[in-house]
Amino acid sequence: MFLKPTLGVVLASLLVSVAALENGVARLPVLGYNTWNAYQCNIDQDLMLTTAKLMKSLGLQDVGYHYVNIDDCYAEKNRSASGDMIPDKVRFPDMKGLTDQIHALGFKTGIYSDSGWFTCAGYPGSFMNELRDATTFQDWGFDYLKYDNCNIPYDDIIREGIVGKYQRMADALATLSKTSGKPPFVFSLCEWGWSQVWLWGKNLGHSWRVTGDIAPQWDSLAAIINFNSFITQATDFSGHNDMDMLQLGNGGLTFDEAKSHFTAWALMKSPLLIGTNLSAITSDILGILKNKEILAINQDSVVGQGISPFRWGINPDWTSNSSFPAQYWSGPSQNGTVFMLLNTLNEPSTMFFNLTESPWIRAGRQYSVRDLWSHTNNGTAVRNITAHDVPPHGVVALLLKDAGNEPSGIDPPCSVWFQCTDKNGTHVGG
(Lines give C-alpha, C1' and ligand atoms only; values in the text may rest on other atoms or scores of the structure.)
Protein backbone atom coordinates (compact mmCIF):
# COMPACT_ATOMS: atom_id res chain seq x y z
CA MET A 1 0.00 0.00 0.00
CA PHE A 2 1.34 3.44 -0.90
CA LEU A 3 1.65 5.85 2.01
CA LYS A 4 2.44 9.54 1.90
CA PRO A 5 6.02 10.39 2.98
CA THR A 6 6.41 10.77 6.70
CA LEU A 7 7.64 13.94 8.35
CA GLY A 8 11.03 13.78 9.97
CA VAL A 9 10.55 13.59 13.70
CA VAL A 10 13.32 15.17 15.73
CA LEU A 11 14.49 13.55 18.92
CA ALA A 12 12.93 16.20 21.13
CA SER A 13 9.52 15.38 19.69
CA LEU A 14 9.86 11.78 20.79
CA LEU A 15 10.50 12.68 24.41
CA VAL A 16 6.84 12.42 25.37
CA SER A 17 5.39 10.54 28.28
CA VAL A 18 5.90 6.80 27.90
CA ALA A 19 2.64 6.16 29.70
CA ALA A 20 -0.55 5.96 27.69
CA LEU A 21 -3.12 8.71 28.10
CA GLU A 22 -5.41 7.37 30.82
CA ASN A 23 -7.74 10.24 31.66
CA GLY A 24 -11.03 8.46 32.20
CA VAL A 25 -12.69 8.98 28.82
CA ALA A 26 -12.98 6.91 25.62
CA ARG A 27 -11.70 3.69 27.18
CA LEU A 28 -13.93 1.94 24.64
CA PRO A 29 -14.14 2.86 20.95
CA VAL A 30 -16.33 5.90 20.30
CA LEU A 31 -19.66 5.18 18.60
CA GLY A 32 -21.50 8.02 16.92
CA TYR A 33 -21.98 10.13 13.81
CA ASN A 34 -19.76 12.44 11.75
CA THR A 35 -20.91 14.76 8.96
CA TRP A 36 -18.04 14.58 6.48
CA ASN A 37 -18.69 11.43 4.42
CA ALA A 38 -22.30 12.37 3.75
CA TYR A 39 -22.22 16.15 3.51
CA GLN A 40 -18.64 17.51 3.37
CA CYS A 41 -19.11 21.30 3.78
CA ASN A 42 -22.88 21.31 3.20
CA ILE A 43 -23.80 21.44 6.89
CA ASP A 44 -25.77 23.72 9.14
CA GLN A 45 -27.37 23.86 12.56
CA ASP A 46 -30.71 22.43 11.42
CA LEU A 47 -29.01 19.43 9.80
CA MET A 48 -27.10 18.64 13.00
CA LEU A 49 -30.21 18.74 15.15
CA THR A 50 -32.21 16.71 12.61
CA THR A 51 -29.43 14.12 12.52
CA ALA A 52 -29.39 13.85 16.30
CA LYS A 53 -33.16 13.37 16.37
CA LEU A 54 -32.86 10.65 13.68
CA MET A 55 -30.11 8.92 15.68
CA LYS A 56 -32.62 8.71 18.50
CA SER A 57 -35.75 7.77 16.54
CA LEU A 58 -33.96 5.14 14.44
CA GLY A 59 -32.77 3.37 17.59
CA LEU A 60 -29.08 4.09 17.03
CA GLN A 61 -28.73 5.78 20.40
CA ASP A 62 -30.28 2.75 22.08
CA VAL A 63 -27.56 0.42 20.75
CA GLY A 64 -24.69 2.70 21.81
CA TYR A 65 -24.10 5.48 19.28
CA HIS A 66 -23.70 8.46 21.61
CA TYR A 67 -21.69 11.12 19.75
CA VAL A 68 -22.96 13.60 17.15
CA ASN A 69 -19.92 15.24 15.56
CA ILE A 70 -19.49 18.26 13.28
CA ASP A 71 -16.58 18.04 10.84
CA ASP A 72 -14.91 20.83 8.84
CA CYS A 73 -16.58 24.01 7.45
CA TYR A 74 -18.62 25.22 10.44
CA ALA A 75 -16.62 28.43 11.03
CA GLU A 76 -16.17 31.84 9.50
CA LYS A 77 -13.06 32.13 7.32
CA ASN A 78 -11.52 34.70 9.64
CA ARG A 79 -11.11 34.88 13.39
CA SER A 80 -12.54 37.71 15.48
CA ALA A 81 -10.54 40.85 16.20
CA SER A 82 -9.52 39.28 19.51
CA GLY A 83 -8.36 36.09 17.76
CA ASP A 84 -11.22 33.75 18.59
CA MET A 85 -12.82 31.19 16.30
CA ILE A 86 -16.27 32.31 15.10
CA PRO A 87 -19.07 29.94 14.00
CA ASP A 88 -20.53 30.65 10.56
CA LYS A 89 -23.07 33.39 11.30
CA VAL A 90 -25.64 32.05 8.81
CA ARG A 91 -25.27 28.30 9.11
CA PHE A 92 -24.43 28.08 12.83
CA PRO A 93 -25.96 31.17 14.46
CA ASP A 94 -26.13 29.61 17.96
CA MET A 95 -23.49 26.94 18.47
CA LYS A 96 -24.00 26.71 22.24
CA GLY A 97 -27.76 26.47 21.76
CA LEU A 98 -27.18 23.63 19.29
CA THR A 99 -24.99 21.60 21.63
CA ASP A 100 -27.45 22.20 24.47
CA GLN A 101 -30.27 20.76 22.37
CA ILE A 102 -28.18 17.75 21.30
CA HIS A 103 -27.12 17.15 24.90
CA ALA A 104 -30.78 17.33 25.94
CA LEU A 105 -31.45 14.43 23.58
CA GLY A 106 -28.92 12.36 25.53
CA PHE A 107 -25.95 12.66 23.16
CA LYS A 108 -22.45 14.03 23.42
CA THR A 109 -21.10 16.39 20.79
CA GLY A 110 -17.92 16.60 18.74
CA ILE A 111 -16.14 19.37 16.85
CA TYR A 112 -13.26 19.54 14.36
CA SER A 113 -10.06 21.54 14.00
CA ASP A 114 -6.61 21.25 12.46
CA SER A 115 -3.04 21.24 13.73
CA GLY A 116 -1.95 23.56 10.90
CA TRP A 117 -2.60 27.15 9.93
CA PHE A 118 -5.87 26.22 8.20
CA THR A 119 -8.22 23.24 8.09
CA CYS A 120 -8.26 21.00 5.04
CA ALA A 121 -11.17 23.05 3.63
CA GLY A 122 -9.42 26.38 4.26
CA TYR A 123 -11.01 27.50 7.55
CA PRO A 124 -8.92 28.65 10.54
CA GLY A 125 -6.72 25.97 12.02
CA SER A 126 -5.54 25.85 15.61
CA PHE A 127 -1.76 26.13 15.27
CA MET A 128 -0.53 28.65 17.85
CA ASN A 129 -4.10 28.96 19.14
CA GLU A 130 -4.44 25.56 20.77
CA LEU A 131 -5.54 26.55 24.27
CA ARG A 132 -7.65 29.45 22.97
CA ASP A 133 -9.53 27.14 20.59
CA ALA A 134 -9.87 24.31 23.10
CA THR A 135 -11.43 26.79 25.52
CA THR A 136 -13.78 28.05 22.80
CA PHE A 137 -14.86 24.50 21.94
CA GLN A 138 -15.55 23.80 25.60
CA ASP A 139 -17.49 27.05 25.95
CA TRP A 140 -19.56 26.03 22.92
CA GLY A 141 -20.41 22.80 24.75
CA PHE A 142 -18.37 20.19 22.89
CA ASP A 143 -17.01 16.95 24.36
CA TYR A 144 -14.86 15.57 21.52
CA LEU A 145 -12.24 16.99 19.15
CA LYS A 146 -11.18 15.55 15.80
CA TYR A 147 -7.81 17.08 14.92
CA ASP A 148 -6.63 17.07 11.30
CA ASN A 149 -3.21 17.41 9.64
CA CYS A 150 -3.47 19.95 6.78
CA ASN A 151 -1.54 23.16 5.99
CA ILE A 152 1.55 22.36 8.05
CA PRO A 153 3.69 25.33 9.18
CA TYR A 154 7.23 25.70 7.83
CA ASP A 155 9.90 23.75 9.69
CA ASP A 156 11.66 26.93 10.85
CA ILE A 157 8.44 28.03 12.53
CA ILE A 158 7.15 24.84 14.13
CA ARG A 159 10.51 23.17 14.78
CA GLU A 160 8.65 19.98 15.68
CA GLY A 161 7.89 16.66 14.10
CA ILE A 162 4.34 15.40 13.90
CA VAL A 163 4.48 14.17 17.51
CA GLY A 164 5.27 17.64 18.77
CA LYS A 165 2.61 19.16 16.52
CA TYR A 166 -0.08 17.00 18.10
CA GLN A 167 1.45 17.33 21.56
CA ARG A 168 0.57 21.03 21.47
CA MET A 169 -3.17 20.38 21.41
CA ALA A 170 -2.91 17.39 23.76
CA ASP A 171 -1.24 19.68 26.31
CA ALA A 172 -3.89 22.36 25.78
CA LEU A 173 -6.72 19.90 26.36
CA ALA A 174 -5.06 18.56 29.50
CA THR A 175 -4.53 22.11 30.81
CA LEU A 176 -8.14 23.02 30.04
CA SER A 177 -9.51 20.02 31.91
CA LYS A 178 -7.32 20.75 34.90
CA THR A 179 -8.17 24.46 35.10
CA SER A 180 -11.88 24.14 34.29
CA GLY A 181 -12.57 21.06 36.39
CA LYS A 182 -14.55 19.59 33.50
CA PRO A 183 -14.04 16.11 32.00
CA PRO A 184 -11.31 15.86 29.37
CA PHE A 185 -12.16 16.03 25.68
CA VAL A 186 -12.05 12.85 23.67
CA PHE A 187 -9.08 13.58 21.39
CA SER A 188 -9.10 11.97 17.94
CA LEU A 189 -5.85 12.32 16.00
CA CYS A 190 -6.49 12.57 12.25
CA GLU A 191 -2.86 12.42 11.05
CA TRP A 192 -3.50 9.83 8.29
CA GLY A 193 -1.14 7.22 9.74
CA TRP A 194 1.97 9.39 9.39
CA SER A 195 5.15 8.69 11.36
CA GLN A 196 4.02 5.35 12.80
CA VAL A 197 1.30 6.91 14.91
CA TRP A 198 0.32 3.52 16.32
CA LEU A 199 3.57 3.68 18.35
CA TRP A 200 2.88 7.05 20.01
CA GLY A 201 -0.76 7.99 19.45
CA LYS A 202 -1.99 6.66 22.78
CA ASN A 203 0.42 8.99 24.61
CA LEU A 204 -1.55 11.95 23.28
CA GLY A 205 -5.06 10.90 22.33
CA HIS A 206 -7.75 8.26 22.39
CA SER A 207 -7.71 7.20 18.74
CA TRP A 208 -5.50 7.81 15.71
CA ARG A 209 -6.13 7.43 12.02
CA VAL A 210 -3.95 4.73 10.48
CA THR A 211 -4.39 5.52 6.76
CA GLY A 212 -5.55 8.22 4.38
CA ASP A 213 -9.22 8.88 3.74
CA ILE A 214 -11.69 6.06 3.19
CA ALA A 215 -13.89 5.78 0.07
CA PRO A 216 -17.13 3.79 -0.45
CA GLN A 217 -15.44 1.16 -2.62
CA TRP A 218 -14.21 -2.33 -1.81
CA ASP A 219 -10.65 -1.49 -2.93
CA SER A 220 -10.46 1.22 -0.27
CA LEU A 221 -11.82 -1.07 2.46
CA ALA A 222 -9.44 -3.89 1.50
CA ALA A 223 -6.42 -1.57 1.60
CA ILE A 224 -7.34 -0.28 5.08
CA ILE A 225 -7.96 -3.80 6.40
CA ASN A 226 -4.62 -4.92 4.98
CA PHE A 227 -2.71 -2.05 6.59
CA ASN A 228 -4.37 -2.47 9.97
CA SER A 229 -3.71 -6.22 9.98
CA PHE A 230 -0.06 -5.54 10.84
CA ILE A 231 -0.64 -3.12 13.74
CA THR A 232 -3.62 -4.58 15.61
CA GLN A 233 -1.60 -4.88 18.83
CA ALA A 234 -1.72 -1.08 19.19
CA THR A 235 -5.42 -1.18 20.12
CA ASP A 236 -6.49 -1.69 23.72
CA PHE A 237 -8.30 0.23 26.45
CA SER A 238 -5.69 3.01 26.28
CA GLY A 239 -6.38 3.85 22.64
CA HIS A 240 -7.62 2.63 19.28
CA ASN A 241 -6.45 2.39 15.71
CA ASP A 242 -8.97 4.48 13.78
CA MET A 243 -9.77 2.92 10.41
CA ASP A 244 -11.74 6.04 9.40
CA MET A 245 -15.43 6.87 9.38
CA LEU A 246 -17.96 4.34 8.12
CA GLN A 247 -19.09 4.50 4.48
CA LEU A 248 -22.19 2.32 4.87
CA GLY A 249 -25.13 3.82 3.02
CA ASN A 250 -23.11 5.95 0.62
CA GLY A 251 -23.30 3.73 -2.46
CA GLY A 252 -20.47 1.81 -4.04
CA LEU A 253 -20.72 -1.24 -1.75
CA THR A 254 -22.74 -4.41 -2.11
CA PHE A 255 -24.75 -5.57 0.90
CA ASP A 256 -22.09 -8.20 1.68
CA GLU A 257 -19.31 -5.63 1.36
CA ALA A 258 -21.18 -3.35 3.74
CA LYS A 259 -21.44 -6.20 6.27
CA SER A 260 -17.73 -6.93 5.89
CA HIS A 261 -16.89 -3.24 6.32
CA PHE A 262 -18.84 -2.97 9.55
CA THR A 263 -17.67 -6.33 10.89
CA ALA A 264 -13.98 -5.66 10.30
CA TRP A 265 -14.12 -2.15 11.77
CA ALA A 266 -16.12 -3.27 14.79
CA LEU A 267 -14.17 -6.43 15.62
CA MET A 268 -10.81 -4.69 15.18
CA LYS A 269 -12.24 -2.15 17.68
CA SER A 270 -12.00 0.92 15.54
CA PRO A 271 -14.22 3.85 16.49
CA LEU A 272 -17.53 3.54 14.60
CA LEU A 273 -18.74 6.87 13.25
CA ILE A 274 -21.73 6.69 10.92
CA GLY A 275 -21.38 8.95 7.91
CA THR A 276 -24.50 8.73 5.77
CA ASN A 277 -27.74 10.67 5.27
CA LEU A 278 -29.90 9.16 7.98
CA SER A 279 -33.11 10.53 6.47
CA ALA A 280 -32.55 8.23 3.47
CA ILE A 281 -31.02 5.20 5.19
CA THR A 282 -32.32 1.78 4.11
CA SER A 283 -33.49 -0.89 6.50
CA ASP A 284 -30.64 -3.16 5.35
CA ILE A 285 -27.94 -0.64 6.24
CA LEU A 286 -29.67 0.29 9.48
CA GLY A 287 -29.82 -3.38 10.40
CA ILE A 288 -26.07 -3.73 9.89
CA LEU A 289 -25.32 -0.69 12.04
CA LYS A 290 -27.59 -1.98 14.81
CA ASN A 291 -26.18 -5.52 15.07
CA LYS A 292 -26.03 -5.76 18.86
CA GLU A 293 -23.90 -8.90 18.90
CA ILE A 294 -21.18 -7.30 16.77
CA LEU A 295 -21.39 -4.05 18.74
CA ALA A 296 -21.04 -5.99 22.00
CA ILE A 297 -17.60 -7.20 20.89
CA ASN A 298 -16.56 -3.66 19.93
CA GLN A 299 -17.74 -2.36 23.31
CA ASP A 300 -16.39 -5.22 25.46
CA SER A 301 -15.57 -3.69 28.85
CA VAL A 302 -13.37 -6.61 29.96
CA VAL A 303 -11.14 -7.30 26.92
CA GLY A 304 -9.65 -4.27 25.18
CA GLN A 305 -7.85 -5.82 22.23
CA GLY A 306 -9.47 -6.56 18.90
CA ILE A 307 -9.11 -9.39 16.42
CA SER A 308 -5.87 -10.15 14.55
CA PRO A 309 -5.08 -12.48 11.64
CA PHE A 310 -4.01 -16.02 12.48
CA ARG A 311 -3.74 -17.05 8.81
CA TRP A 312 -3.58 -14.86 5.73
CA GLY A 313 -5.30 -17.44 3.51
CA ILE A 314 -4.70 -17.03 -0.22
CA ASN A 315 -1.40 -15.26 0.49
CA PRO A 316 1.51 -16.53 2.57
CA ASP A 317 1.29 -15.33 6.16
CA TRP A 318 2.53 -11.79 6.78
CA THR A 319 2.05 -10.81 3.14
CA SER A 320 1.00 -7.20 2.59
CA ASN A 321 -1.56 -7.17 -0.22
CA SER A 322 -3.86 -4.17 -0.37
CA SER A 323 -6.27 -5.97 -2.72
CA PHE A 324 -6.39 -9.31 -0.92
CA PRO A 325 -5.81 -8.81 2.82
CA ALA A 326 -5.72 -11.49 5.51
CA GLN A 327 -8.77 -13.75 5.55
CA TYR A 328 -8.72 -15.62 8.91
CA TRP A 329 -8.93 -13.58 12.12
CA SER A 330 -9.59 -14.21 15.80
CA GLY A 331 -9.44 -12.51 19.18
CA PRO A 332 -10.50 -12.91 22.79
CA SER A 333 -13.66 -11.49 24.36
CA GLN A 334 -15.26 -11.73 27.77
CA ASN A 335 -17.73 -14.27 26.36
CA GLY A 336 -15.50 -16.45 24.21
CA THR A 337 -13.26 -16.38 21.15
CA VAL A 338 -14.31 -14.22 18.21
CA PHE A 339 -13.59 -15.33 14.64
CA MET A 340 -13.89 -13.37 11.41
CA LEU A 341 -13.61 -15.11 8.04
CA LEU A 342 -13.25 -12.55 5.25
CA ASN A 343 -13.66 -13.68 1.66
CA THR A 344 -11.45 -11.25 -0.22
CA LEU A 345 -12.04 -13.02 -3.55
CA ASN A 346 -14.38 -11.85 -6.29
CA GLU A 347 -16.25 -15.15 -6.22
CA PRO A 348 -17.89 -17.33 -3.53
CA SER A 349 -15.46 -19.30 -1.42
CA THR A 350 -15.50 -22.19 1.03
CA MET A 351 -13.33 -21.30 4.02
CA PHE A 352 -11.82 -23.87 6.40
CA PHE A 353 -9.66 -23.54 9.50
CA ASN A 354 -8.46 -25.67 12.41
CA LEU A 355 -9.60 -24.22 15.73
CA THR A 356 -6.17 -24.28 17.33
CA GLU A 357 -4.74 -22.10 14.57
CA SER A 358 -6.14 -19.35 16.80
CA PRO A 359 -4.00 -18.71 19.89
CA TRP A 360 -7.20 -18.27 21.95
CA ILE A 361 -8.44 -21.86 21.51
CA ARG A 362 -7.50 -24.76 23.79
CA ALA A 363 -6.51 -28.10 22.30
CA GLY A 364 -8.61 -31.08 23.31
CA ARG A 365 -11.77 -29.00 23.83
CA GLN A 366 -14.96 -28.57 21.86
CA TYR A 367 -16.73 -25.26 21.33
CA SER A 368 -20.29 -24.07 20.89
CA VAL A 369 -20.69 -21.89 17.80
CA ARG A 370 -22.73 -18.69 17.66
CA ASP A 371 -23.21 -16.94 14.30
CA LEU A 372 -23.13 -13.18 14.98
CA TRP A 373 -24.96 -12.33 11.75
CA SER A 374 -27.66 -15.00 11.54
CA HIS A 375 -28.01 -14.79 15.35
CA THR A 376 -28.23 -18.57 15.56
CA ASN A 377 -26.54 -21.24 17.65
CA ASN A 378 -24.89 -23.58 15.15
CA GLY A 379 -24.01 -26.63 17.19
CA THR A 380 -20.60 -27.67 18.48
CA ALA A 381 -17.25 -27.50 16.70
CA VAL A 382 -14.57 -30.13 17.23
CA ARG A 383 -11.12 -29.50 15.79
CA ASN A 384 -12.19 -27.39 12.78
CA ILE A 385 -14.88 -25.30 11.11
CA THR A 386 -15.87 -25.02 7.45
CA ALA A 387 -17.90 -22.08 6.12
CA HIS A 388 -19.45 -22.92 2.76
CA ASP A 389 -20.16 -20.47 -0.04
CA VAL A 390 -19.08 -17.28 1.66
CA PRO A 391 -20.18 -14.55 -0.81
CA PRO A 392 -17.66 -12.46 -2.77
CA HIS A 393 -16.19 -9.90 -0.35
CA GLY A 394 -18.48 -11.40 2.28
CA VAL A 395 -17.88 -12.16 5.93
CA VAL A 396 -18.59 -14.77 8.59
CA ALA A 397 -18.46 -13.70 12.24
CA LEU A 398 -18.55 -16.36 14.95
CA LEU A 399 -18.34 -16.48 18.73
CA LEU A 400 -17.00 -19.76 20.12
CA LYS A 401 -17.47 -20.74 23.74
CA ASP A 402 -15.75 -23.62 25.52
CA ALA A 403 -18.15 -26.57 25.78
CA GLY A 404 -15.93 -29.07 27.58
CA ASN A 405 -13.58 -31.83 26.52
CA GLU A 406 -13.78 -33.03 22.95
CA PRO A 407 -15.08 -36.60 22.44
CA SER A 408 -12.55 -39.34 23.23
CA GLY A 409 -10.93 -41.49 20.57
CA ILE A 410 -10.49 -38.80 17.92
CA ASP A 411 -7.71 -39.55 15.46
CA PRO A 412 -5.15 -38.06 15.03
CA PRO A 413 -4.48 -37.47 18.73
CA CYS A 414 -3.17 -33.94 18.12
CA SER A 415 -4.91 -31.14 16.30
CA VAL A 416 -1.45 -29.98 15.20
CA TRP A 417 0.65 -32.86 13.92
CA PHE A 418 4.02 -31.15 14.17
CA GLN A 419 5.88 -32.56 17.21
CA CYS A 420 2.81 -34.60 18.25
CA THR A 421 4.40 -37.12 20.61
CA ASP A 422 3.27 -40.12 22.65
CA LYS A 423 4.38 -40.30 26.28
CA ASN A 424 6.75 -43.12 25.26
CA GLY A 425 8.54 -40.73 22.90
CA THR A 426 6.98 -41.92 19.67
CA HIS A 427 6.32 -39.09 17.24
CA VAL A 428 2.86 -39.37 15.71
CA GLY A 429 3.27 -36.39 13.39
CA GLY A 430 6.19 -34.76 11.62
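The values are calculated or read from the model by the stated rules, or taken from the named source; none is laboratory data. Keep in mind it's a predicted model, so treat the numbers as computed, not measured. Methodologically, a virtual Cβ is constructed for each residue, glycine included, from the backbone with ideal geometry; neighbour enumeration extends over all protein chains shown. Calculation scope for accessible area: heavy atoms of the full protein, side chains included, ligands and nucleic acids excluded. Shrake-Rupley method; radii C 1.70, N 1.55, O 1.52, S 1.80 Å.
Some points to look at:
- Using the Cβ-Cβ distance between Thr350 and Ser80 with R0 set to 51 Å, the FRET efficiency works out to roughly 0.20.
- FRET efficiency, 1/(1 + (r/R0)^6) with R0 60 Å, evaluated for Val90 and His427 via beta carbons: 0.15
- Once both labels are positioned 7 Å from their Cα atoms along Cα-to-Cβ, the gap between Gln196 and Phe230 label points is 1.2 nm.
- Taking amide H as placed 1.01 Å from N in the peptide plane, the amide H of Ala75 sits under 5 Å from that of Asp88, each at least 5 places away or on another chain.
- Rounded to the nearest Hz, the phi-derived 3J(HN,Hα) couplings of region 199-214 under the Karplus curve 6.51 cos²θ - 1.76 cosθ + 1.60 (θ = phi - 60°) are 8, 10, x, 6, 6, 10, x, 9, 8, 8, 5, 9, 9, x, 5, 7, where x marks glycine and proline.
- Here region 289-368 and region 64-79 have alpha carbon centers that stand 35 Å from each other.
- Distance between modelled label sites at Asn384 and Ser283, nm, 7 Å Cα→Cβ extension: 4.0
- Computed extension gain for Arg27 through Ser323, at 0.36 nm per residue and net of the alpha carbon distance, reaches 103.4 nm.
- Residues whose amide H comes within less than 5 Å of that of Lys108, counting only those at least five positions distant or on another chain, are Tyr67, Val68 (H built at 1.01 Å from N in the peptide plane).
- DSSP bridge pairs, region 109-256: antiparallel proportion in percent, nearest 5: 10
- Under the simplified labelling scheme, the Ile314-Ile157 pair shows an inter-label distance of 4.7 nm, with each label point 7 Å from Cα along Cα→Cβ.
- The helix-based estimate of mean residue ellipticity at 222 nm for the chain, built from -39,500 (n - 2.57) per DSSP H run of four or more residues and divided by its residue count, is -7500 deg cm²/dmol to the nearest 500.
- Averaged per residue, region 31-180 has 40 square angstrom of accessible surface, using a 1.4 angstrom probe with ligands and nucleic acids left out.
- Set Lys202/Lys401; Lys77/Lys178; Lys56/Lys96; Lys146/Lys178; Lys292/Lys401; Lys56/Lys182 screened for pairs whose C-alpha atoms are more than 23 Å apart: Lys202/Lys401; Lys77/Lys178; Lys56/Lys182
- Rounded to whole Hz, the Karplus (6.51, -1.76, 1.60) HN-Hα couplings of region 75-89, x for glycine and proline: 9, 5, 6, 10, 6, 6, 4, 8, x, 8, 5, 10, x, 3, 5
- Ratio of Rg to Rh for the chain: 1.01 [Cα atoms; Kirkwood radius as inverse mean 1/r over pairs].
- Annotation: for a label point projected 7 angstrom from Cα along Cα→Cβ of Asp402, residues of region 275-308 with backbone N closer than 18 Å are 302-303.
- For region 266-410, size of Cβ-based charge dipole, Lys and Arg +1, Asp and Glu -1, in debye: 300
- For the pair region 171-205 and region 99-151, the centres of their Cα atoms are 13 angstrom apart.
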